[in-house]
Amino acid sequence: MDSIVVKGGAPLSGEIPISGAKNTCLKLMSAALLTEQPLTLMNVPRLSDIRTMASLLESLGCEVAMLNNGQVMVLRAGNIANAKADYEIVRKLRASFNVLGPLVARNGTAVVSLPGGCAIGARKVDLHMMALERLGATLELRDGYVHASAPGGLKGAVIDFPFVTVGGTENALTAAALAKGTTVIKNAAREPDTVDLCKCLSAMGAQISGAGTSEITVQGVDALHGATHQVIPDRIELGTFMVAPAIAGGSVELLGGRLDLVTAFAEKLDAAGVQVAETERGIQVSQTNGRARAVDVVTAPFPGFATDLQAQMMALMCTAEGTSVLEETIFENRFMHAPELMRMGAQIDVHGGVAKVTGVERLTGAPVMATDLRASVSLILAGLAAEGETMVSRVYHLDRGYERLVRKLSGVGAKIERVSA
(Lines give C-alpha, C1' and ligand atoms only; values in the text may rest on other atoms or scores of the structure.)
Protein backbone atom coordinates (compact mmCIF):
# COMPACT_ATOMS: atom_id res chain seq x y z
CA MET A 1 0.00 0.00 0.00
CA ASP A 2 1.39 3.41 -0.97
CA SER A 3 2.33 6.22 1.39
CA ILE A 4 3.30 9.83 0.83
CA VAL A 5 6.43 11.20 2.46
CA VAL A 6 6.73 14.94 3.07
CA LYS A 7 9.84 16.76 4.28
CA GLY A 8 8.83 20.13 5.69
CA GLY A 9 10.47 23.51 5.71
CA ALA A 10 10.58 24.32 2.00
CA PRO A 11 8.76 27.53 0.93
CA LEU A 12 6.70 27.20 -2.23
CA SER A 13 6.99 29.15 -5.48
CA GLY A 14 5.50 28.68 -8.93
CA GLU A 15 2.14 27.73 -10.37
CA ILE A 16 -0.37 24.91 -9.97
CA PRO A 17 -3.12 24.15 -12.51
CA ILE A 18 -6.54 23.51 -10.96
CA SER A 19 -8.37 20.46 -12.27
CA GLY A 20 -12.05 20.12 -13.13
CA ALA A 21 -14.46 19.69 -10.22
CA LYS A 22 -14.86 16.06 -9.20
CA ASN A 23 -18.24 16.44 -7.46
CA THR A 24 -19.62 18.42 -10.39
CA CYS A 25 -18.37 15.97 -13.00
CA LEU A 26 -19.92 12.98 -11.22
CA LYS A 27 -23.39 14.56 -11.32
CA LEU A 28 -22.94 15.63 -14.95
CA MET A 29 -22.08 12.06 -15.85
CA SER A 30 -25.33 10.86 -14.28
CA ALA A 31 -27.23 13.40 -16.38
CA ALA A 32 -26.05 11.58 -19.53
CA LEU A 33 -28.70 8.95 -18.74
CA LEU A 34 -31.42 11.50 -19.55
CA THR A 35 -30.86 11.40 -23.32
CA GLU A 36 -30.00 8.90 -26.02
CA GLN A 37 -27.72 11.45 -27.65
CA PRO A 38 -24.03 11.97 -26.69
CA LEU A 39 -23.04 14.23 -23.82
CA THR A 40 -19.46 15.47 -24.11
CA LEU A 41 -17.73 16.70 -20.95
CA MET A 42 -14.51 18.70 -21.08
CA ASN A 43 -12.01 19.48 -18.30
CA VAL A 44 -12.69 16.07 -16.73
CA PRO A 45 -10.47 15.30 -13.70
CA ARG A 46 -8.54 12.03 -13.93
CA LEU A 47 -9.54 10.42 -10.64
CA SER A 48 -10.57 7.02 -9.31
CA ASP A 49 -14.06 8.32 -8.44
CA ILE A 50 -14.57 9.30 -12.09
CA ARG A 51 -13.53 5.82 -13.20
CA THR A 52 -15.93 4.26 -10.69
CA MET A 53 -18.85 6.32 -12.01
CA ALA A 54 -17.90 5.43 -15.58
CA SER A 55 -18.01 1.74 -14.65
CA LEU A 56 -21.47 2.16 -13.14
CA LEU A 57 -22.80 3.94 -16.22
CA GLU A 58 -21.34 1.26 -18.46
CA SER A 59 -23.13 -1.39 -16.38
CA LEU A 60 -26.39 0.44 -17.16
CA GLY A 61 -25.72 0.37 -20.90
CA CYS A 62 -24.06 3.76 -21.36
CA GLU A 63 -21.10 3.95 -23.73
CA VAL A 64 -18.16 5.86 -22.25
CA ALA A 65 -15.21 7.08 -24.33
CA MET A 66 -12.19 8.91 -22.91
CA LEU A 67 -10.35 11.32 -25.21
CA ASN A 68 -7.48 13.82 -24.96
CA ASN A 69 -5.58 11.80 -22.38
CA GLY A 70 -8.69 11.38 -20.24
CA GLN A 71 -9.65 15.04 -20.00
CA VAL A 72 -12.58 14.74 -22.41
CA MET A 73 -15.37 12.23 -21.86
CA VAL A 74 -18.12 11.29 -24.31
CA LEU A 75 -21.12 9.48 -22.83
CA ARG A 76 -23.93 8.00 -24.88
CA ALA A 77 -26.86 6.25 -23.22
CA GLY A 78 -28.54 5.21 -26.45
CA ASN A 79 -30.32 2.41 -24.67
CA ILE A 80 -30.83 1.76 -20.96
CA ALA A 81 -29.94 -1.92 -21.05
CA ASN A 82 -30.05 -2.37 -17.27
CA ALA A 83 -31.79 -0.21 -14.68
CA LYS A 84 -30.11 -1.73 -11.63
CA ALA A 85 -27.21 0.08 -9.97
CA ASP A 86 -25.44 -2.69 -8.12
CA TYR A 87 -24.21 -2.46 -4.53
CA GLU A 88 -20.69 -3.55 -5.45
CA ILE A 89 -20.24 -0.30 -7.39
CA VAL A 90 -22.51 2.09 -5.48
CA ARG A 91 -20.84 1.29 -2.13
CA LYS A 92 -17.56 2.72 -3.46
CA LEU A 93 -19.03 6.11 -4.37
CA ARG A 94 -21.96 7.89 -2.74
CA ALA A 95 -22.48 10.17 -5.75
CA SER A 96 -23.49 7.12 -7.78
CA PHE A 97 -26.86 7.24 -5.97
CA ASN A 98 -27.59 10.20 -8.25
CA VAL A 99 -28.37 7.86 -11.14
CA LEU A 100 -31.73 7.30 -9.42
CA GLY A 101 -33.43 10.47 -10.69
CA PRO A 102 -32.30 10.17 -14.33
CA LEU A 103 -33.16 6.45 -14.50
CA VAL A 104 -36.69 6.91 -13.18
CA ALA A 105 -37.29 10.00 -15.32
CA ARG A 106 -36.25 8.38 -18.59
CA ASN A 107 -36.79 4.68 -17.99
CA GLY A 108 -39.82 4.72 -15.69
CA THR A 109 -38.12 2.30 -13.31
CA ALA A 110 -34.88 1.95 -11.37
CA VAL A 111 -33.29 -0.28 -8.75
CA VAL A 112 -30.44 1.50 -6.99
CA SER A 113 -28.44 0.25 -4.04
CA LEU A 114 -28.34 2.32 -0.89
CA PRO A 115 -24.83 3.79 -0.71
CA GLY A 116 -24.06 2.46 2.76
CA GLY A 117 -21.99 4.00 5.52
CA CYS A 118 -19.50 6.83 5.32
CA ALA A 119 -16.57 7.63 7.58
CA ILE A 120 -17.51 11.28 8.09
CA GLY A 121 -21.18 10.76 8.97
CA ALA A 122 -24.52 9.17 8.17
CA ARG A 123 -25.31 11.18 5.01
CA LYS A 124 -28.83 9.82 4.60
CA VAL A 125 -30.65 9.63 1.27
CA ASP A 126 -34.18 10.01 2.62
CA LEU A 127 -34.55 13.49 1.08
CA HIS A 128 -33.55 12.14 -2.35
CA MET A 129 -36.36 9.61 -2.02
CA MET A 130 -38.84 12.19 -0.72
CA ALA A 131 -38.20 14.36 -3.77
CA LEU A 132 -38.92 11.53 -6.19
CA GLU A 133 -42.08 10.58 -4.31
CA ARG A 134 -43.27 14.19 -4.62
CA LEU A 135 -42.78 13.82 -8.37
CA GLY A 136 -45.06 10.78 -8.40
CA ALA A 137 -42.63 7.89 -8.20
CA THR A 138 -43.41 4.87 -6.04
CA LEU A 139 -40.45 3.85 -3.91
CA GLU A 140 -39.87 0.74 -1.85
CA LEU A 141 -36.84 -0.40 0.13
CA ARG A 142 -36.02 -4.09 -0.26
CA ASP A 143 -32.80 -5.94 0.52
CA GLY A 144 -30.72 -2.78 0.65
CA TYR A 145 -32.00 -1.43 -2.68
CA VAL A 146 -34.38 1.39 -3.58
CA HIS A 147 -36.96 0.05 -6.04
CA ALA A 148 -38.51 3.02 -7.85
CA SER A 149 -41.17 3.09 -10.51
CA ALA A 150 -43.19 5.68 -12.39
CA PRO A 151 -44.78 3.78 -15.30
CA GLY A 152 -46.93 6.76 -16.26
CA GLY A 153 -44.02 9.19 -16.05
CA LEU A 154 -43.14 11.77 -13.40
CA LYS A 155 -45.29 14.83 -12.74
CA GLY A 156 -44.18 18.31 -11.67
CA ALA A 157 -44.63 19.19 -8.00
CA VAL A 158 -43.43 21.45 -5.21
CA ILE A 159 -40.46 19.95 -3.38
CA ASP A 160 -39.70 21.76 -0.11
CA PHE A 161 -36.56 20.41 1.50
CA PRO A 162 -36.44 20.81 5.32
CA PHE A 163 -32.74 21.64 5.02
CA VAL A 164 -30.25 22.08 2.21
CA THR A 165 -29.23 18.85 0.51
CA VAL A 166 -26.88 19.05 -2.46
CA GLY A 167 -27.36 15.49 -3.69
CA GLY A 168 -31.10 15.63 -3.06
CA THR A 169 -31.45 18.88 -5.00
CA GLU A 170 -29.50 17.41 -7.92
CA ASN A 171 -31.50 14.17 -8.01
CA ALA A 172 -34.67 16.28 -8.00
CA LEU A 173 -33.36 18.49 -10.82
CA THR A 174 -32.52 15.62 -13.15
CA ALA A 175 -35.82 13.88 -12.47
CA ALA A 176 -37.85 17.07 -12.92
CA ALA A 177 -36.20 17.83 -16.27
CA LEU A 178 -38.35 15.14 -17.93
CA ALA A 179 -41.40 15.38 -15.66
CA LYS A 180 -44.73 16.60 -17.01
CA GLY A 181 -45.45 20.15 -15.84
CA THR A 182 -43.66 22.51 -13.49
CA THR A 183 -41.50 21.58 -10.51
CA VAL A 184 -40.48 24.09 -7.84
CA ILE A 185 -37.58 23.09 -5.59
CA LYS A 186 -37.53 25.13 -2.38
CA ASN A 187 -34.57 25.40 -0.01
CA ALA A 188 -32.49 24.23 -2.96
CA ALA A 189 -28.72 23.86 -2.82
CA ARG A 190 -26.81 26.89 -4.14
CA GLU A 191 -23.46 25.14 -4.57
CA PRO A 192 -21.44 25.84 -7.74
CA ASP A 193 -21.73 22.10 -8.49
CA THR A 194 -25.52 22.41 -8.60
CA VAL A 195 -25.36 25.58 -10.71
CA ASP A 196 -23.07 23.86 -13.20
CA LEU A 197 -25.44 20.90 -13.41
CA CYS A 198 -28.27 23.33 -14.20
CA LYS A 199 -26.16 24.91 -16.96
CA CYS A 200 -25.42 21.52 -18.47
CA LEU A 201 -29.07 20.42 -18.30
CA SER A 202 -30.09 23.71 -19.93
CA ALA A 203 -27.58 23.08 -22.73
CA MET A 204 -29.31 19.71 -23.18
CA GLY A 205 -32.68 21.42 -23.60
CA ALA A 206 -34.00 21.56 -20.04
CA GLN A 207 -35.97 24.64 -18.95
CA ILE A 208 -34.55 25.74 -15.60
CA SER A 209 -34.62 29.08 -13.78
CA GLY A 210 -33.32 30.16 -10.39
CA ALA A 211 -30.04 28.24 -10.39
CA GLY A 212 -27.79 29.60 -7.65
CA THR A 213 -30.77 30.68 -5.52
CA SER A 214 -32.72 28.81 -2.86
CA GLU A 215 -35.69 28.29 -5.21
CA ILE A 216 -35.26 26.56 -8.56
CA THR A 217 -38.06 26.13 -11.08
CA VAL A 218 -38.01 23.39 -13.70
CA GLN A 219 -40.46 23.23 -16.60
CA GLY A 220 -40.43 19.63 -17.75
CA VAL A 221 -39.79 18.80 -21.42
CA ASP A 222 -40.54 15.68 -23.46
CA ALA A 223 -36.92 14.89 -24.26
CA LEU A 224 -33.39 16.19 -23.85
CA HIS A 225 -30.66 16.18 -26.47
CA GLY A 226 -26.88 15.94 -26.50
CA ALA A 227 -24.53 18.79 -25.62
CA THR A 228 -20.92 19.73 -24.96
CA HIS A 229 -20.15 21.16 -21.53
CA GLN A 230 -16.99 22.31 -19.73
CA VAL A 231 -16.69 21.22 -16.09
CA ILE A 232 -15.99 24.10 -13.67
CA PRO A 233 -12.72 24.26 -11.68
CA ASP A 234 -12.65 22.21 -8.48
CA ARG A 235 -13.19 24.65 -5.63
CA ILE A 236 -12.05 22.14 -2.99
CA GLU A 237 -8.80 21.42 -4.79
CA LEU A 238 -8.43 25.18 -5.25
CA GLY A 239 -8.93 25.86 -1.54
CA THR A 240 -6.53 23.07 -0.63
CA PHE A 241 -3.74 24.51 -2.75
CA MET A 242 -4.48 27.98 -1.39
CA VAL A 243 -3.52 26.63 2.04
CA ALA A 244 -0.22 25.19 0.77
CA PRO A 245 1.73 28.49 0.52
CA ALA A 246 -0.17 29.85 3.52
CA ILE A 247 1.19 27.06 5.75
CA ALA A 248 4.58 26.46 4.10
CA GLY A 249 5.35 30.06 3.16
CA GLY A 250 6.01 31.43 -0.29
CA SER A 251 3.80 32.44 -3.20
CA VAL A 252 1.86 30.25 -5.66
CA GLU A 253 -0.39 31.11 -8.62
CA LEU A 254 -3.35 28.75 -9.01
CA LEU A 255 -4.14 28.59 -12.70
CA GLY A 256 -7.83 28.57 -13.56
CA GLY A 257 -8.84 29.36 -9.98
CA ARG A 258 -11.90 31.55 -9.44
CA LEU A 259 -12.51 33.57 -6.28
CA ASP A 260 -16.28 33.41 -6.71
CA LEU A 261 -16.06 29.66 -6.01
CA VAL A 262 -14.26 30.13 -2.65
CA THR A 263 -15.30 33.59 -1.43
CA ALA A 264 -15.97 32.63 2.20
CA PHE A 265 -12.75 30.63 2.38
CA ALA A 266 -10.68 33.41 0.83
CA GLU A 267 -12.10 35.88 3.34
CA LYS A 268 -10.89 33.68 6.21
CA LEU A 269 -7.42 33.43 4.67
CA ASP A 270 -7.35 37.21 4.33
CA ALA A 271 -8.34 37.59 7.99
CA ALA A 272 -5.50 35.21 8.85
CA GLY A 273 -3.01 37.52 7.14
CA VAL A 274 -2.62 35.49 3.95
CA GLN A 275 -2.47 37.53 0.74
CA VAL A 276 -5.04 36.44 -1.86
CA ALA A 277 -5.34 38.24 -5.19
CA GLU A 278 -6.96 37.54 -8.54
CA THR A 279 -4.70 37.43 -11.59
CA GLU A 280 -5.35 37.19 -15.30
CA ARG A 281 -4.76 33.44 -15.09
CA GLY A 282 -6.28 32.60 -11.74
CA ILE A 283 -5.46 33.37 -8.10
CA GLN A 284 -2.14 34.29 -6.43
CA VAL A 285 -1.72 33.24 -2.79
CA SER A 286 1.26 34.51 -0.78
CA GLN A 287 2.46 34.23 2.80
CA THR A 288 5.72 36.08 3.28
CA ASN A 289 5.25 37.53 6.76
CA GLY A 290 5.69 34.45 8.93
CA ARG A 291 2.89 32.61 10.70
CA ALA A 292 -0.78 33.12 9.94
CA ARG A 293 -3.15 34.58 12.53
CA ALA A 294 -5.79 32.46 14.23
CA VAL A 295 -9.35 32.81 12.89
CA ASP A 296 -12.62 31.14 13.85
CA VAL A 297 -14.56 29.05 11.32
CA VAL A 298 -18.12 27.71 11.14
CA THR A 299 -18.92 25.40 8.23
CA ALA A 300 -22.13 26.03 6.28
CA PRO A 301 -23.75 25.27 2.93
CA PHE A 302 -22.63 27.44 0.02
CA PRO A 303 -22.00 30.38 -0.01
CA GLY A 304 -20.70 29.68 3.49
CA PHE A 305 -17.43 28.02 4.49
CA ALA A 306 -17.29 24.59 2.86
CA THR A 307 -17.11 21.56 5.14
CA ASP A 308 -14.71 20.00 2.63
CA LEU A 309 -12.17 22.73 3.47
CA GLN A 310 -12.44 22.48 7.24
CA ALA A 311 -9.63 19.92 7.66
CA GLN A 312 -7.26 21.99 5.53
CA MET A 313 -8.03 25.13 7.55
CA MET A 314 -7.45 23.21 10.78
CA ALA A 315 -3.98 22.27 9.54
CA LEU A 316 -3.22 25.94 8.93
CA MET A 317 -4.58 26.94 12.34
CA CYS A 318 -2.28 24.39 14.00
CA THR A 319 0.67 26.69 13.22
CA ALA A 320 -1.15 30.04 13.51
CA GLU A 321 -0.56 32.67 16.17
CA GLY A 322 -3.31 32.46 18.77
CA THR A 323 -6.30 30.20 19.37
CA SER A 324 -9.02 29.41 16.86
CA VAL A 325 -12.38 27.66 17.14
CA LEU A 326 -13.65 25.51 14.28
CA GLU A 327 -17.29 24.45 14.37
CA GLU A 328 -18.49 21.66 12.07
CA THR A 329 -22.23 21.91 11.34
CA ILE A 330 -22.58 19.64 8.29
CA PHE A 331 -21.22 16.22 9.30
CA GLU A 332 -21.12 14.78 12.79
CA ASN A 333 -17.82 12.92 12.55
CA ARG A 334 -15.48 15.19 10.66
CA PHE A 335 -12.65 15.79 13.11
CA MET A 336 -10.97 12.41 12.63
CA HIS A 337 -7.85 14.17 11.37
CA ALA A 338 -7.41 15.95 14.73
CA PRO A 339 -5.75 13.01 16.58
CA GLU A 340 -3.35 12.53 13.67
CA LEU A 341 -2.43 16.23 13.67
CA MET A 342 -1.85 15.95 17.43
CA ARG A 343 0.72 13.23 16.70
CA MET A 344 2.64 16.00 14.94
CA GLY A 345 2.51 18.25 17.99
CA ALA A 346 -0.72 20.15 17.31
CA GLN A 347 -2.72 21.38 20.30
CA ILE A 348 -6.35 20.53 19.56
CA ASP A 349 -9.27 20.06 21.96
CA VAL A 350 -12.38 18.50 20.40
CA HIS A 351 -15.82 18.54 22.04
CA GLY A 352 -18.57 17.23 19.79
CA GLY A 353 -18.76 19.39 16.70
CA VAL A 354 -16.36 22.05 17.99
CA ALA A 355 -12.55 21.98 17.88
CA LYS A 356 -10.37 24.47 19.74
CA VAL A 357 -6.93 24.83 18.16
CA THR A 358 -4.06 26.60 19.86
CA GLY A 359 -1.35 27.29 17.34
CA VAL A 360 2.22 26.15 17.89
CA GLU A 361 5.33 27.66 16.37
CA ARG A 362 6.34 24.46 14.62
CA LEU A 363 4.87 21.00 14.03
CA THR A 364 7.09 17.90 14.04
CA GLY A 365 7.06 15.22 11.37
CA ALA A 366 5.56 11.87 12.36
CA PRO A 367 3.95 8.76 10.84
CA VAL A 368 0.21 9.48 10.46
CA MET A 369 -2.78 7.75 8.90
CA ALA A 370 -5.42 9.19 6.59
CA THR A 371 -9.04 8.50 7.53
CA ASP A 372 -10.91 10.15 4.66
CA LEU A 373 -10.28 12.22 1.55
CA ARG A 374 -9.99 15.70 3.08
CA ALA A 375 -8.27 14.44 6.23
CA SER A 376 -5.59 12.91 4.00
CA VAL A 377 -4.66 16.19 2.41
CA SER A 378 -4.74 18.10 5.71
CA LEU A 379 -1.94 15.83 6.96
CA ILE A 380 0.12 16.50 3.84
CA LEU A 381 -0.37 20.25 4.29
CA ALA A 382 0.72 19.95 7.92
CA GLY A 383 3.77 18.02 6.74
CA LEU A 384 4.78 20.95 4.54
CA ALA A 385 5.17 23.07 7.66
CA ALA A 386 6.63 20.43 9.98
CA GLU A 387 10.22 19.85 11.03
CA GLY A 388 11.53 16.57 9.71
CA GLU A 389 9.67 13.88 7.81
CA THR A 390 5.96 13.09 7.79
CA MET A 391 4.76 9.79 6.35
CA VAL A 392 1.05 9.67 5.48
CA SER A 393 -0.35 6.15 5.02
CA ARG A 394 -3.64 4.98 3.46
CA VAL A 395 -3.34 7.62 0.76
CA TYR A 396 -5.70 5.77 -1.58
CA HIS A 397 -8.26 8.25 -0.25
CA LEU A 398 -6.35 11.00 -2.07
CA ASP A 399 -6.67 9.25 -5.41
CA ARG A 400 -10.43 9.75 -5.19
CA GLY A 401 -10.28 13.52 -5.18
CA TYR A 402 -6.87 14.99 -6.05
CA GLU A 403 -5.40 14.67 -9.51
CA ARG A 404 -1.60 14.30 -9.50
CA LEU A 405 -1.24 15.89 -6.06
CA VAL A 406 2.41 14.91 -5.56
CA ARG A 407 3.41 16.20 -9.01
CA LYS A 408 1.60 19.51 -8.46
CA LEU A 409 3.16 20.16 -5.05
CA SER A 410 6.65 19.06 -6.04
CA GLY A 411 6.37 21.35 -9.05
CA VAL A 412 6.27 24.38 -6.72
CA GLY A 413 9.13 23.24 -4.53
CA ALA A 414 7.58 20.92 -1.96
CA LYS A 415 9.76 18.00 -0.86
CA ILE A 416 7.20 15.26 -1.37
CA GLU A 417 7.16 11.82 -2.92
CA ARG A 418 4.92 8.79 -3.15
CA VAL A 419 6.46 5.50 -2.02
CA SER A 420 5.29 1.90 -2.16
CA ALA A 421 5.37 -0.27 0.94
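Can we say residue 199 is touching a Lys or Arg at 6+ places or on another chain (Cβ under 6 Å) and closer than 17 Å to residue 102 by Cα? Lay out the reasoning, then the answer.
Values: touching a Lys or Arg at 6+ places or on another chain (Cβ under 6 Å): no; closer than 17 Å to residue 102 by Cα: yes.
Answer is no for this residue.
Quick check, is residue 58 part of a helix (DSSP H, G or I), of a type in the set (D, E, K, R) and modelled with pLDDT under 95? Break it down stepwise before answering.
Values: part of a helix (DSSP H, G or I): yes; of a type in the set (D, E, K, R): yes; modelled with pLDDT under 95: no.
Considered against the rule, which asks whether it is part of a helix (DSSP H, G or I), of a type in the set (D, E, K, R) and modelled with pLDDT under 95, residue 58 comes out as no.
Could you run through region 318-341 and say how many residues are touching an Asp or Glu at 6+ places or on another chain (Cβ under 9 Å) and either within 18 Å of residue 267 (Cβ to Cβ) or not assigned by TED's automatic domain parsing to the domain that holds residue 378 (or both)?
Here the count works out to 4.
With the checklist (1) over 17 Å from the mean Cα position of the chain (by Cα); (2) in contact (Cβ under 8 Å) with a residue 12 or more places away in the chain; (3) within 30 Å of residue 77 (Cβ to Cβ) in hand, flag the one item residue 209 doesn't pass.
(2)
Quickly run through region 364-418 and pick out the residues that are among the β-branched types (Val, Ile, Thr), surrounded by fewer than 24 Cβ atoms within 10 Å (Cβ to Cβ) and at pLDDT below 95.
Within region 364-418, 371, 395 meet the criteria.
Is one or more of the residues making up region 375-391 part of a strand (DSSP E or B) and among the hydroxyl-bearing types (Ser, Thr, Tyr)?
Yes, there is a match, as at least one residue in region 375-391 is part of a strand (DSSP E or B) and among the hydroxyl-bearing types (Ser, Thr, Tyr).
Pick from region 61-79 the residues that are at pLDDT 95 or above and in a loop (DSSP other than H, G, I, E, B): which of them is surrounded by the most Cβ atoms within 10 Å (Cβ to Cβ)?
Taking the candidates together, the pick is 77.
State all residues of region 287-318 that are modelled with pLDDT of 95 or more and within 17 Å of residue 18 (Cα to Cα); if no residue qualifies, say none.
309, 312 - these are the residues of region 287-318 that are modelled with pLDDT of 95 or more and within 17 Å of residue 18 (Cα to Cα).
Conditions tested, residue by residue: (1) buried (at least 21 other Cβ atoms within 10 Å of the Cβ); (2) assigned by TED's automatic domain parsing to the domain that holds residue 40; (3) among the charged types (D, E, K, R).
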site	(1), (2), (3)
174	yes, yes, no
185	yes, yes, no
194	yes, yes, no
200	yes, yes, no
222	no, yes, yes
241	yes, no, no
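To keep it simple, each residue is scored yes or no on (1) hydroxyl-bearing (Ser, Thr, Tyr); (2) closer than 21 Å to residue 302 by Cα.
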{"residue": "245", "(1), (2)": "no, no"}
{"residue": "248", "(1), (2)": "no, no"}
{"residue": "252", "(1), (2)": "no, no"}
{"residue": "261", "(1), (2)": "no, yes"}
{"residue": "270", "(1), (2)": "no, yes"}
{"residue": "274", "(1), (2)": "no, no"}
{"residue": "286", "(1), (2)": "yes, no"}
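Here's the yes/no breakdown for (1) in contact with a helix residue (DSSP H, G or I) (Cβ under 9 Å, 6 or more places away or on another chain); (2) farther than 25 Å from residue 25 by Cβ:
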residue	(1), (2)
69	no, no
105	yes, no
110	yes, no
114	yes, no
127	yes, no
137	yes, yes
153	yes, yes
156	yes, yes
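Please pick out the residue among 277, 294, 306 that is loosely packed, with under 15 Cβ neighbours inside 10 Å and aliphatic (A, V, I, L, M).
Working: 294 fails: loosely packed, with under 15 Cβ neighbours inside 10 Å; 306 fails: loosely packed, with under 15 Cβ neighbours inside 10 Å.
It is 277.
At least 2 residues that are among the hydrophobic types (A, V, I, L, M, F, W, C) in each: list the strands (runs of 3 or more DSSP E) lying fully within region 185-244 that qualify.
Working: elements: 207-209, 215-219, 227-230.
In region 185-244, 215-219 are the strands (runs of 3 or more DSSP E) which contain 2 or more residues that are among the hydrophobic types (A, V, I, L, M, F, W, C).
For region 99-153, which residues satisfy the criterion of being modelled with pLDDT of 95 or more, surrounded by fewer than 23 Cβ atoms within 10 Å (Cβ to Cβ) and small (Gly, Ala, Ser)?
Correct list: 108, 136, 149, 150, 153.
When region 347-360 is examined, which residues are found to be at pLDDT below 95 and either of a type in the set (Phe, Trp, Tyr) or not in a strand (DSSP E or B) (or both)?
352, 353, listed by residue number.
With the requirement that a residue be surrounded by fewer than 16 Cβ atoms within 10 Å (Cβ to Cβ), touching a strand residue (DSSP E or B) at 6+ places or on another chain (Cβ under 9 Å) and more than 27 Å from residue 415 (Cα to Cα), what does region 330-355 give you?
Looking only at region 330-355, we keep the residues that are surrounded by fewer than 16 Cβ atoms within 10 Å (Cβ to Cβ), and these are 332-333, 339, 347, 349, 351-352, 354.
If we keep only those that are touching a strand residue (DSSP E or B) at 6+ places or on another chain (Cβ under 9 Å) too, we end up with 339, 347, 349, 354.
Across region 330-355, the qualifying residues are 349, 354.
The values are calculated or read from the model by the stated rules, or taken from the named source; none is laboratory data. This is a predicted model, so every value here is computed, not measured. Backbone-built Cβ (ideal geometry, glycine too); neighbour counts: all protein chains shown.
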